[in-house]
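Q: Take a look at this one; I'll ask things after.
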Amino acid sequence: MKTPARLLFPIALALFAGAAPAGPALPKVEGAWVRSSVPGQHGTGAFMKLTASQATQLVGASTPVAGTAEVHEMKMDGDVMKMRAVPQLELPAGRTTELKPGGYHIMLMDLKKPLAAGTSVPLTLTFRDASGVQSSLELKVPVAVRAPGAATPADSHKH
Ligand SMILES: [Cu+2]
């Protein structure tokens, strides 16, 4: 009978790697905001910049303020702007992907109440890494009429 030691060694290494203190590398989220809505409006969008250190996919979203949250894409189809749900949004390693009006966004549908500017909403994003492991990120996202900073080009703060 073969000794199992040869087999155990790589398994132990794999376990050790899995227990690395870094944990799942969740993308960095910057400038997140949700567009405010008026009474009677059923849907709105959430926008942000996502930067993943390793290739990751945004595969879902949820929020208690909306019945459904989906990752959407807006594209010109001829001269008509069309919107569709995308099952996953690829976040290439080290590159910032921007979710913005007119492009990718998180669509919040079946709003349970109007979202007033100046408040904030909880938003959970679900990501899937290259090995198929899903993890989620809980955010508190400010509600605004327009992108924060978009109307103040005079603010020349540089990074
Ligand atoms: Cu949409």
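Q: Would you tally the residues in the stretch 120-129 being under 19 Å from residue 38 (Cα atoms) and surrounded by 14 or more Cβ atoms within 10 Å (Cβ to Cβ)? Please lay out each step first, then the result.
A: Within the stretch 120-129, the first condition is being under 19 Å from residue 38 (Cα atoms), and the residues that meet it are 120-122.
Still in the list and also surrounded by 14 or more Cβ atoms within 10 Å (Cβ to Cβ): 120-121.
The number of residues fulfilling the criteria is 2.
Q: Those residues that are away from the ligand (no atom under 15 Å from the Cβ) and in contact with a Leu (Cβ under 8 Å, 6 or more places away or on another chain), I need them from the stretch 79-89; list them, please.
A: 88
Q: Scan the stretch 90-117 for residues that are away from the ligand (no atom under 16 Å from the Cβ), part of a loop (DSSP other than H, G, I, E, B) and among the aliphatic types (A, V, I, L, M) and jot them down.
A: 116, 117
Q: Let me ask something additional. I'd like to know if the stretch 133-146 contains one or more residues that are surrounded by 14 or more Cβ atoms within 10 Å (Cβ to Cβ), away from the ligand (no atom under 16 Å from the Cβ) and over 22 Å from residue 27 (Cα atoms).
A: yes
Q: Still on this structure, I have one more. Pull up the stretch 28-78, narrow it to residues that are open to solvent by 50 Å² or more (accessible area, probe 1.4 Å) and within 13 Å of the chain's Cα centre (by Cα), then point me to the one that is farthest from the ligand (Cβ to nearest atom).
A: Of everything passing the filter in the stretch 28-78, 28 is farthest from the ligand (Cβ to nearest atom).
The values are calculated or read from the model by the stated rules, or taken from the named source; none is laboratory data. No experiment lies behind these values; they were computed from the predicted model shown. Positions of Cβ are generated from backbone atoms using ideal geometry, with glycine treated the same way; all protein chains shown enter the neighbour counts. Protein only, heavy atoms only, side chains kept; ligands, DNA and RNA dropped before computing areas. Shrake-Rupley method; radii C 1.70, N 1.55, O 1.52, S 1.80 Å.
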